[in-house]
Amino acid sequence: MRLTVGIGARPATGVDELDALLRESLPGSGDLAEVTTVSTVDDRAAVAGELAARHGWDVVTFPAQRLAEVRVPSPSARVAAALGTGSVAEAAALLATPGPAVLLSPKRASSGATVAVAAAAPPVTVVGIGADGFAGLTDEARAAVDSADVVFGGRRQLELVPGLRHRGPEWPSPLVPALPWLLAEVHDRAVCVLASGDPMYYGIGSTLVRLLGARNVRVLTHPSSVSLACARLGWAVDDVSVVSAVGRSVDALRRVLHDGRRVLVLSSGSGTPAEVWKVLEDSGFADSEVTILEALGGPDERIHHDPGAAGPLNVVAVACRGAAGVPLVPGLDDSTYDSDGQLTKREIRAVTLARLGPRPGELLWDVGAGSGSIAIEWLRAHPSCRAVAVEQSAERAGRIAGNAARLGVPGLSVVVGAAPAALDDLAPSDATPDAVFVGGGFTAPGVFDRCWAALRPGGRLVVNAVTVESERLVAELHAAHGGELTRIAVNRAAPVGGFLGWRPMLPVTQWVVSR
């Protein structure tokens with residue numbers, strides 16, 4: 001296997017430091033013999049040249065504008081501000097590798113450098129296959145399977161093709177971290193991947209496109225289990241909510257439970273229908289009609305209503321009946337949350353979410369999360385939104401996770417620790433937020449600086465200050481960075497003897513600023 005090394009380094013970084021970091025980054029035994037090329041941004045050509053000269057490698061450099069065009073797993077806003085590209089090491093490694101390329105492992109970093117290792121990968125044909133097996137494939141799909149040098153897939157998909165020639169190993173678990181290495185090992189062969197149904201619908205096809213790029217992945221689709229289920233039930237596909245329980249918590253179902261809605265749950269096995277039924281009971285939807293559709297399109301297709309008798313290959317259909325659905329707009333009732341009092345009240349929460357402005361696919365940091373209400377309602381804005389809730393109290397962190405599951409967003413990442421230190425060990429994909437909310441601990445040294453530095457260009461920072469000390473700091477930062485200051489005062493009616501009077505809540509000074 002021929003490897004390409006991408007490096008990002010400060011000009012003063014020594015070759016010994018790069019060498020040590022590279023050996024840690026190499027897969028397997030860390031042997032440098034398979035490395036052929038070192039690559040970097042034009043401005044760091046001298047550093048790359050010293051490393052290449054030591055080992056006899058070729059050197060390739062690229063302008064920052066070219067590197068900025070490459071999609072990478074972990075771009076950095078700080079690198080983008082300094083060099084004009086969010087990635088140097090990862091982007092350079094991928095660009096310098098001829099043809100389709102994959103990063104063999106996450107980039108590694110030291111105090112002065114980053115290193116990424118890439119290898120060539122093959123173009124891939126992905127073939128969707130249903131429970132009807134090889135007989136249900138089109139002529140084009142059959143030809144792709146027959147002509148492949150190696151065919152990958154899960155055990156069930158591979159067993160649907162009797163007498164399969166050139167069968168590759170079954171997918172390992174977990175699959176995604178192993179994919180780059182598997183593809184790099186067969187980079188010079190014709191590769192076919194078997195996938196269930198429509199490979200681009202919660203399938204391996206989408207993963208391969210993200211990894212290799214759309215130009216290097218040919219997808220031959222098959223009717224998805226969603227399409228087949230809707231056809232059997234007489235449901236319009238465009239009027240159905242779909243929840244995947246494959247590798248995910250079934251609690252995500254709670255987000256879409258509303259009276260009269262139709263929901264399909266993609267099961268992870270025979271136990272999913274019973275889990276769905278429990279969620280319905282817990283959420284006030286026990287009167288819903290539940291249908292289990294098994295082995296759709298195959299000779300053993302079966303449709304029934306008994307969650308306890310489900311087979312391993314099934315889809316659960318729910319016709320929702322119940323009045324307990326949670327509203328989709330921000331500002332849920334305070335009683336919705338399990339809390340010890342550390343909760344952004346609903347009126348303030350609605351205003352705060354409006355200023356944070358969640359958009360599909362964006363990432364929020366909720367710092368000093370309390371009960372997690374801001375992060376949770378951010379996630380409820382769109383299924384693709386992501387959030388990290390940082391809370392120093394382990395007890396409160398447990399409440400946040402419970403609140404998130406109960407409100408249908410179990411994917412909330414909860415970090416236990418105090419900011420800013422707790423923000424230093426986030427996964428690369430969580431390290432550059434689109435928006436930051438600070439509701440607690442804003443006066444702790446370094447919190448603002450850490451959050452401000454991490455924000456993507458154009459990202460939004462919202463701070464709610466309730467103490468004199470936090471208001472003073474907000475005023476100072478507003479003078480330095482601009483933005484908008486708003487004073488929010490809320491009064492709720494409450495009994496005063498036999499009458500009603502207005503009880504004021506603590507006023508909130510809200511600072512909103514864009515990077």
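The values are calculated or read from the model by the stated rules, or taken from the named source; none is laboratory data. The shown structure was predicted, so the numbers you read here are calculated from the model rather than taken from an experiment. We place every Cβ from the backbone using ideal geometry, glycine too, and count neighbours over all the protein chains shown. Surface areas here come from the heavy atoms of the whole protein model, side chains and all, with no ligands, DNA or RNA. Shrake-Rupley method; radii C 1.70, N 1.55, O 1.52, S 1.80 Å.
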Scanning for something open to solvent by less than 30 Å² (accessible area, probe 1.4 Å), touching a residue at least 24 places away in the same chain (Cβ under 8 Å), under 18 Å from L211 (Cβ atoms) and of a type in the set (V, I, T), does the stretch 41-57 turn up at least one residue?
-> no
If you check S470, S429, which single one turns out to be under 25 Å from V415 (Cα atoms), without any contact (Cβ under 8 Å) to a residue 40 or more places away in the chain, in a helix (DSSP H, G or I) and hydroxyl-bearing (S, T, Y)?
-> S470
Could you tell me whether the stretch 443-450 includes any residue that is of a type in the set (G, A, S), open to solvent by 30 Å² or more (accessible area, probe 1.4 Å) and not in a loop (DSSP other than H, G, I, E, B)?
-> no
So L104 fits all but one of (1) over 17 Å from H187 (Cβ atoms); (2) crowded, with 18+ Cβ neighbours inside 10 Å; (3) touching a helix residue (DSSP H, G or I) at 6+ places or on another chain (Cβ under 7 Å); (4) not hydroxyl-bearing (S, T, Y); what number is the exception?
-> (1)
Matching residues in the stretch 335-359 - criterion: being open to solvent by less than 80 Å² (accessible area, probe 1.4 Å), without any contact (Cβ under 8 Å) to a residue 24 or more places away in the chain and over 28 Å from the mean Cα position of the chain (by Cα) = G341
Restricting attention to the stretch 68-92, and to residues there that are within 23 Å of the chain's Cα centre (by Cα) and part of a helix (DSSP H, G or I), which single residue is surrounded by the fewest Cβ atoms within 10 Å (Cβ to Cβ)?
-> R78
Is it the case that V161 is more than 26 Å from R71 (Cβ to Cβ), out of contact with any strand residue (DSSP E or B) (no Cβ under 6 Å at 6 or more places or on another chain) and touching a residue at least 24 places away in the same chain (Cβ under 8 Å)?
-> yes
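Could you check, for the stretch 362-370, whether at least one of its residues is of a type in the set (F, W, Y) and either surrounded by fewer than 21 Cβ atoms within 10 Å (Cβ to Cβ) or touching a residue at least 60 places away in the same chain (Cβ under 8 Å) (or both)?
Scanning the stretch 362-370, I find at least one residue that is of a type in the set (F, W, Y) and either surrounded by fewer than 21 Cβ atoms within 10 Å (Cβ to Cβ) or touching a residue at least 60 places away in the same chain (Cβ under 8 Å) (or both), so the answer is yes.
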Looking at the stretch 172-217, which of its residues are touching a strand residue (DSSP E or B) at 6+ places or on another chain (Cβ under 8 Å), assigned to a loop (DSSP other than H, G, I, E, B), surrounded by 16 or more Cβ atoms within 10 Å (Cβ to Cβ) and touching a residue at least 24 places away in the same chain (Cβ under 8 Å)?
-> V186, H187, A190, G197, D198, P199, Y202, G203
Which members of the stretch 497-514 meet the condition of being of a type in the set (A, V, I, L, M, F, W, C) and either open to solvent by 80 Å² or more (accessible area, probe 1.4 Å) or touching a Ser or Thr at 6+ places or on another chain (Cβ under 9 Å) (or both)?
-> F499, L500, W502, L506, V508, W511, V512
Kindly indicate the residue of the stretch 124-143 that is open to solvent by less than 10 Å² (accessible area, probe 1.4 Å) and at pLDDT 95 or above and also nearest to A295 (Cα to Cα) among those meeting that condition.
-> I129
